[in-house]
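Below is one structure, written out as structure tokens; comments come after it.
The values are calculated or read from the model by the stated rules, or taken from the named source; none is laboratory data. Only a predicted model underlies this, so the values are computations on that prediction, with no experimental measurement involved. For neighbour counting, all protein chains shown are included, and Cβ atoms are generated from backbone atoms with ideal geometry for every residue, glycine included. Please note that ligands, DNA and RNA were not included when accessible areas were found on the heavy atoms of the full protein model with its side chains. Shrake-Rupley method; radii C 1.70, N 1.55, O 1.52, S 1.80 Å.
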Amino acid sequence: MTPSETNPAGRTQLPEPHGATPAWELLLPAASAPARARGRSLQAALREAVRSGRLAPGTRLPSSRDLAADLGVSRGLITEAYEQLTAEGYLRSGRGAGTWVGGAVRAARPRARDLAPRSTDARADFVPGTPDVSLFPRAAWAAAQRGVLAELPHHELGYPDPRGLPRLRTALAELLARRRGVVADPERIVVVSGVSQATTVLGFVLHARGMRAVGVENPGSPQHDALYAAAGVSTVPLPMDDEGLAVGPLRESGVRSVVTTPAHQFPTGIAYSARRRTELLDWARSVDGFVLEDDYDGDFRYDRAPVGALQGLDPERVAYAGSVSKSLAPGLRLGWLLVPEALAEEVVERKRTMDLGHPTLDQALFARFLERGDYDRQLRRCQRAYRERRDALVAALEEHFPGAEVTGIAAGLHVIAALPERYGPQERFLTRVSAAGVAVRPLTDYTHARARGREQPGVRLVLGYAHLSPTRIRAGVRLMAEAVAARRA
């Protein structure tokens with residue numbers, strides 16, 4: 001932009017343009033737009049110049065006649081642009097005083113930040129909770145997408161049933177009954193954006209019923225506090241024992257609903273015993289309450305067939321939630337919630353007010369994926385890969401950390417590794433491996449803050465492995481061992 005001059009009133013004034021000086025080069029592309037779009041393009045270019053600060057507040061604009069001549073457009077287009085931006089507050093004008101850039105605009109230059117969680121820059125990352133998204137079946141998914149776009153009736157592109165497309169709910173009912181042993185009525189399945197939305201929806205419904213607190217496993221998922229707090233419900237940490245959630249403290253807590261992961265508890269890795277399942281359901285009936293079952297990785301059991309879902313024992317006391325986040329990809333934001341009849345109407349209405357239903361195309365695509373057997377093939381593929389990686393991790397721990405004990409059942413996407421006392425104390429161990437570029441999480445990170453006690457001797461780690469190849473797993477464990485050994489020496 002050429003140097004500005006100052007008029008007697010102290011205002012900044014651009015030199016009169018001749019031959020399209022650099023002051024107005026920013027408008028040249030707009031002036032070259034097709035005739036029907038030229039006026040809108042000029043207005044948009046002027047508006048952006050004011051927003052970005054290229055035209056500062058107090059800057060005098062050329063007369064409509066001069067600017068039109070410089071840009072090679074009609075004077076009417078410039079006059080219309082000045083009038084429109086004056087009406088919007090970007091410009092100001094006075095009779096006989098010309099047109100000036102107004103002082104109302106305070107917009108910062110827009111920028112798009114990416115707040116998605118990303119893996120660390122560690123040389124070895126054992127943080128749990130992440131599947132291997134490179135296993136996503138792109139070819140099969142693309143084929144299903146083409147099929148859906150070719151066959152989907154026009155009317156299904158309208159607002160959907162907030163519960164989900166009947167076709168998808170029917171396919172999900174068949175899948176869940178066959179693979180997880182649930183009592184699956186398509187009328188009581190609600191398609192949601194993952195287990196997080198299922199949790200929040202249930203929180204709102206419980207709050208509306210007068211429940212202001214819900215029990216959660218301790219240790220357990222750290223996300224529950226924020227999800228339930230968003231619905232106005234607090235969480236009460238309840239201790240675990242070797243069979244599952246301890247029923248005594250549960251009864252004493254006074255809560256009437258509790259969140260559980262009975263097929264493969266996160267993070268301890270145990271499966272609830274048959275006795276504990278029965279006791280938990282007896283408690284729910286005695287307090288007229290509900291068990292909220294998060295079946296986050298129930299399909300992945302490596303030493304035997306997976307234990308069926310708790311919901312199958314009492315579908316009127318258990319709300320069952322799951323998703324494709326571990327089997328396909330978290331970014332699909334696709335899950336399901338199977339609710340007791342007593343909660344169904346309230347859950348559906350809450351889902352309706354939250355988002356008017358899940359995207360239709362995504363639902364139809366997943367329904368086709370289920371119907372054609374593609375999802376079963378994907379589960380088998382993940383099962384083979386994750387079992388191999390778990391075996392690699394257990395073997396590497398045995399080799400590099402003699403005496404280490406892997407606890408919990410052979411399932412899921414993580415293990416609990418208890419290292420001997422000689423590798424502790426835990427804080428010193430974590431400091432050493434972190435300095436070596438290894439990202440790990442101790443079990444204490446998943447213990448509720450209100451229930452933490454004195455740290456146990458030794459080191460107890462929650463190690464995720466699903467997102468790592470066997471080679472990277474072995475290299476990461478070796479690096480961790482070398483870091484500890486070097487500091488001890």
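Just need a number here: residues in the stretch 29-59 that are in a loop (DSSP other than H, G, I, E, B) and hydroxyl-bearing (Ser, Thr, Tyr).
2
Check Tyr375 against each of (1) open to solvent by less than 30 Å² (accessible area, probe 1.4 Å); (2) among the hydroxyl-bearing types (Ser, Thr, Tyr); (3) more than 21 Å from Pro306 (Cα to Cα) and name the one condition it does not meet.
(3)
Could you check, for the stretch 218-226, whether at least one of its residues is under 18 Å from Met354 (Cα atoms) and assigned to a helix (DSSP H, G or I)?
There is at least one residue in the stretch 218-226 that is under 18 Å from Met354 (Cα atoms) and assigned to a helix (DSSP H, G or I).
Return a yes/no flag: does the stretch 318-326 have any residue that is outside any strand (DSSP E or B), within 21 Å of Ala171 (Cβ to Cβ) and hydrophobic (A, V, I, L, M, F, W, C).
From the stretch 318-326, those outside any strand (DSSP E or B) are 324-326; that's our starting set.
Cutting the leftovers down to within 21 Å of Ala171 (Cβ to Cβ) gives us 324-326.
Now narrow it down to the ones that are hydrophobic (A, V, I, L, M, F, W, C): 324.
Yes.
Of the conditions (1) farther than 22 Å from Leu175 by Cα; (2) in contact with a strand residue (DSSP E or B) (Cβ under 7 Å, 6 or more places away or on another chain); (3) among the acidic types (Asp, Glu), Glu279 fails just one. Which one is it?
(2)
Given the options Ala417, Ala436, Ala392, name the one that is open to solvent by less than 30 Å² (accessible area, probe 1.4 Å) and either closer than 29 Å to Ile189 by Cα or at pLDDT below 95 (or both). Walk me through how you get there before you give the answer.
Details: Ala417 fails: either closer than 29 Å to Ile189 by Cα or at pLDDT below 95 (or both); Ala392 fails: either closer than 29 Å to Ile189 by Cα or at pLDDT below 95 (or both).
Ala436 is the lone residue from the list that is open to solvent by less than 30 Å² (accessible area, probe 1.4 Å) and either closer than 29 Å to Ile189 by Cα or at pLDDT below 95 (or both).
Here are the criteria: (1) in contact (Cβ under 8 Å) with a residue 60 or more places away in the chain; (2) buried (at least 24 other Cβ atoms within 10 Å of the Cβ); (3) not in a strand (DSSP E or B). Tell me which single one Val214 does not satisfy.
Every listed condition holds for Val214 apart from (3).
Can you work out which of the residues in the stretch 305-342 that are hydrophobic (A, V, I, L, M, F, W, C) and more than 25 Å from the chain's Cα centre (by Cα) is farthest from Ile189 (Cα to Cα)?
Narrowing the stretch 305-342 to residues hydrophobic (A, V, I, L, M, F, W, C): 305, 307, 309-310, 313, 318-319, 321, 324, 328-329, 332, 334, 336-339, 342.
Of the ones still in play, those that are also more than 25 Å from the chain's Cα centre (by Cα) are 305, 307, 310, 313, 342.
Numbers: Ala305: 25, Val307: 21, Leu310: 16, Leu313: 17, Ala342: 13 Å.
Ranking the candidates gives Ala305 first.
Condition check: of a type in the set (Asp, Glu), over 29 Å from Cys382 (Cβ atoms) and part of a helix (DSSP H, G or I). Does Asp288 satisfy that?
Values: of a type in the set (Asp, Glu): yes; over 29 Å from Cys382 (Cβ atoms): yes; part of a helix (DSSP H, G or I): no.
Criteria not met by Asp288.
Only one of Arg167, Arg212, Arg179, Arg251 is more than 24 Å from the chain's Cα centre (by Cα) and either under 30 Å from Arg304 (Cα atoms) or polar (S, T, N, Q) (or both); which? If you could, list the steps in order and put the result at the bottom.
On the way: Arg167 fails: either under 30 Å from Arg304 (Cα atoms) or polar (S, T, N, Q) (or both); Arg212 fails: either under 30 Å from Arg304 (Cα atoms) or polar (S, T, N, Q) (or both); Arg251 fails: either under 30 Å from Arg304 (Cα atoms) or polar (S, T, N, Q) (or both).
Answer to the selection: Arg179.
Inside the stretch 300-317, can you point out the residues that are assigned to a loop (DSSP other than H, G, I, E, B), open to solvent by 40 Å² or more (accessible area, probe 1.4 Å) and modelled with pLDDT of 95 or more?
Of everything in the stretch 300-317, those that are assigned to a loop (DSSP other than H, G, I, E, B), open to solvent by 40 Å² or more (accessible area, probe 1.4 Å) and modelled with pLDDT of 95 or more turn out to be Glu316, Arg317.
Given the residues Ala367, Ala319, Ala284, Ala305, which is the only one that is out of contact with any His (no Cβ under 7 Å at 6 or more places or on another chain) and within 28 Å of Leu463 (Cβ to Cβ)?
Answer to the check: Ala305.
For the stretch 395-414, which positions are surrounded by fewer than 19 Cβ atoms within 10 Å (Cβ to Cβ), touching an Asp or Glu at 6+ places or on another chain (Cβ under 9 Å) and of a type in the set (Gly, Ala, Ser)?
Across the stretch 395-414, the qualifying residue is only Ala410.
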